[in-house]
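Taking it in order: structure first as structure tokens, then the write-up.
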Amino acid sequence: MKMQTWMSILWPAFLLASATELLVFALVDPADLHWRGEAIALSRQAVYTAGFFVFWLLAAGASALTLLLTIPARKINNPED
């Protein structure tokens, strides 16, 4: 894949992850999060970091799927053209 293709996936995903991070953690305090009935034993900064990368991964997946779905059928069926 070309660098331009990677940037067209990762850059919008980064912006969306940043906005999602701001929105989610403006409403949710990481100290109040629980997993299977127990408090998460991570610092707030670790929860913020993990949350950002999860949001980035999800947004990158959505961007990559969108880019994949924009490829014309003739290019997929005849790659040598």
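Stretching residue 3 away from residue 28 to a fully extended chain increases their span by 5.4 nm, per 0.36 nm per residue minus the current alpha-carbon distance. Computed from phi, the 3J(HN,Hα) profile of segment 58-67 under the Karplus parametrisation 6.51, -1.76, 1.60 (θ = phi - 60°) reads 5, 5, 5, x, 5, 5, 5, 5, 4, 5 Hz, with x in place of Gly and Pro.
Computed with a 1.4 Å probe over protein heavy atoms only, the accessible surface of the chain comes to 82 Å² per residue.
Carbon-plus-sulfur fraction of the accessible area of the chain, 1.4 Å probe, in percent? If you can, show how the numbers build up before the last one.
Details: 4510 of 6610 Å².
Summing carbon and sulfur atoms, their accessible area is 68 percent of the total for the chain.
The values are calculated or read from the model by the stated rules, or taken from the named source; none is laboratory data. These numbers come from a predicted model, not from an experiment. Calculation scope for accessible area: heavy atoms of the full protein, side chains included, ligands and nucleic acids excluded. Shrake-Rupley method; radii C 1.70, N 1.55, O 1.52, S 1.80 Å.
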